[in-house]
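Accompanying notes for the structure given below.
The values are calculated or read from the model by the stated rules, or taken from the named source; none is laboratory data. Quick caveat, the model's predicted, so the values are computed rather than measured. All Cβ positions, even for glycine, are placed from backbone atoms using ideal geometry, and neighbour counts span all protein chains on display. Note: areas computed on protein heavy atoms with side chains; ligands, DNA, RNA excluded. Shrake-Rupley method; radii C 1.70, N 1.55, O 1.52, S 1.80 Å.
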Amino acid sequence: MTGTPDQKPPGEKPMKGLFIRTYGCQMNVYDSERIRDVLRPLGYAPVETPESADLVVVNTCHIREKATEKVYSELGQLKRMKEASGGRMTIAVAGCVAQAEGEELIRRQPAVDLVLGPQAYHKLPEMIARASRAIGDRLETEFDTVEKFDALPKTREADGPAAFVSVQEGCDKFCTFCVVPYTRGAEMSRRVDDIVFETRSLASQGVREITLLGQNVNAFHGPAPVLEGGEDWTLGQLCRHLSKIGGIERIRYTTSHPRDMDDDLIAAHGDTPAMMPFLHLPVQSGSDRILKAMNRGHTADHYRDIITRVRAARPDIAIASDFIVGFPGESDADFEATMQLVRDIGYAIAYSFKYSSRPGTPAAEMHGHLSESVKDARLQALQALLREQQTEFNASQIGKTLPVLVTGKGRNAGQMHGRSPYLQAVHFEGPDDLNGKIVDVKVIGASLNSLTGELVRVAEAAL
């Protein structure tokens, strides 16, 4: 989170510096934006570095052990900055590490002033006031998603032409490797009216693309609009409705679960042009035995069938996924089943990780934990296959003209940067005034992580 404090006229109280460090998923990125919104009325404005901040918020992720240790390392650095500032700096730890390790976190790093879980961001102003008076609790990790949704500001400042919109939080799936149900709580959906209000506000500020967020976003069942009443809406209904808001030309959602991929959502991919031809649907493993041990609630063939139906509804769709290798008890045959599923599906992009034991999860107590060397070898083999598929998918775009949402300047002079419908980074030469617009770009080159293109001029497009 960057920027500089607003400059106040002489005689007025200066703005206080806010620095937010964000780890983890898109939900954390969204939450950091909302923390900024909550603190703005208190006079906090973003600054470029933690050294110049009055308040530093570390918004944390607890998915993998290395991420947690990185947080403690950062807190050690912040402690030294706080001491150098004479104690002026306030340090707050938010997010899933805060939820899971609240009291332990304060014990390990006494320099931390405030600890708040993902459902308590709206209480941050009150906690800051208490801390400034040296009274009250330093810890707030109670689950209260409904109160959080109701208490957060209804409007927010857009930061570019693409924005996240939270529609669902929490998880009821209890995958045996995952801490999310314990750090984010039970599944809870926002009211449709509130989502629409926020989206309209963003559209009025020039946002053209929204990504709907949730730990299990396709489990969304939000209360229907007041004027329409009736049963809760599904994610498919919500996407169709949001696509009618003026200015919103692109809709995405993440992260989804195979168990919640219903027929209506699949149909929406085919009948709602604003929905981008890109689906991130984590599978984790291609072995039914391992999927059962993970408590995923679906089989590999069930997953294959979903992809088949999605591709029938939207033939140009690109598929992304997540994989875990080296889960306790995973045999060579189990790993080969994952490799075969990857060959069968063909991914545009995928994220793969070695299994990392998280304390308190059922998988941590399972027998058959694999050695790091075995997990390393399997991860390298899987990632080599996934890189091959990603490279092939990107190369397949060469010669095509894609609508690109321009999100800013590139690294080189005269270069612009944007995103394709398939979420690929696209670089091309063009004027600065294209920022925030959707323009046609002919792809002339591709690498593993991005595309290079040429802007298609209006006159050329008309020919």
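Remarks
- Our coupling estimate for segment 237-254, obtained by passing each phi through the Karplus curve with A = 6.51, B = -1.76, C = 1.60 and θ = phi - 60°, is 5, 4, 4, 4, 5, 5, 5, 8, 6, x, x, 7, 10, 9, 10, 10, 8, 6 Hz, Gly and Pro reported as x.
- Once the Cβ-Cβ distance of ALA413 and ASP322 is raised to the sixth power relative to R0 = 41 Å, the FRET efficiency obtained is 0.65.
- Cysteine residues of the chain whose Cβ has no partner cysteine Cβ closer than 4.7 Å: CYS25, CYS61, CYS96, CYS171, CYS239.
- With 31 Å as the limit on Cα-Cα distance, the pairs of LYS79/LYS375; LYS16/LYS79; LYS244/LYS442 that go past it are LYS79/LYS375.
- Using C-alpha pairs below 8 Å separated by at least 6 residues, the relative contact order for the chain is 9 percent.
- Solvent-accessible area of MET27 with every protein chain in place, 1.4 Å probe, in Å² to the nearest 10: 10
- Across segment 328-344, computed HN-Hα scalar couplings (Karplus, 6.51 cos²θ - 1.76 cosθ + 1.60, θ = phi - 60°) run x, x, 5, 8, 4, 5, 4, 5, 5, 4, 5, 4, 5, 4, 4, 5, 5 Hz from first to last residue, x flagging Gly and Pro.
- Low-density loop positions, trypsin sites (Lys or Arg not before Pro), segment 385-432 - DSSP coil, at most 16 other Cβ in 10 Å: LYS400, ARG411
- Separation in nanometres of the label points that stand 7 Å from Cα toward Cβ, at SER85 and ASP305: 5.6
- In the context of the full protein assembly, TYR72 retains an accessible surface of approximately 20 Å², using a probe radius of 1.4 Å and ignoring ligands and nucleic acids.
- Other residues with beta-carbon under 15 Å from the beta-carbon of SER420 carry, at +1 per Lys or Arg and -1 per Asp or Glu, a net charge of +2.
- For segment 436-452, 3J(HN,Hα) per residue [Karplus equation, 6.51 cos²θ - 1.76 cosθ + 1.60, θ = phi - 60°, Hz, x = Gly/Pro]: x, 9, 9, 10, 7, 10, 8, 7, 10, x, 8, 10, 4, 10, 7, 10, 10
- Distant-in-sequence amide contacts of ALA446, defined by a placed amide H-H separation under 5 Å and a gap of 5 or more residues or a different chain, comprise THR452.
- Percent carbon-and-sulfur accessible area, the chain, ignoring ligands, DNA and RNA, probe 1.4 Å: 51
- Pairs of Cα atoms nearer than 8 Å and 6+ residues apart set the relative contact order; for segment 301-453 it is 19 percent.
- With every protein chain in place and a 1.4 angstrom probe, the accessible-area ranking of SER356, SER371, largest first, reads SER371, SER356.
- Summing Lys and Arg as +1 and Asp and Glu as -1 over all other residues whose Cβ lies under 15 Å from the Cβ of GLN77 gives a net charge of +2.
- Rolling a 1.4 Å probe across the protein heavy atoms gives segment 400-458 an accessible surface of 52 Å² per residue.
- Amide H to amide H distances under 5 Å link GLY410 with GLN415, MET416, HIS417, where only residues 5 or more positions off or on other chains count and H is placed in the peptide plane.
- Net charge, ARG289 excluded, C-beta distance under 13 Å - Lys, Arg +1, Asp, Glu -1: -3
- Residues whose placed amide H lies under 5 Å from that of PHE164, excluding near-sequence neighbours: THR211
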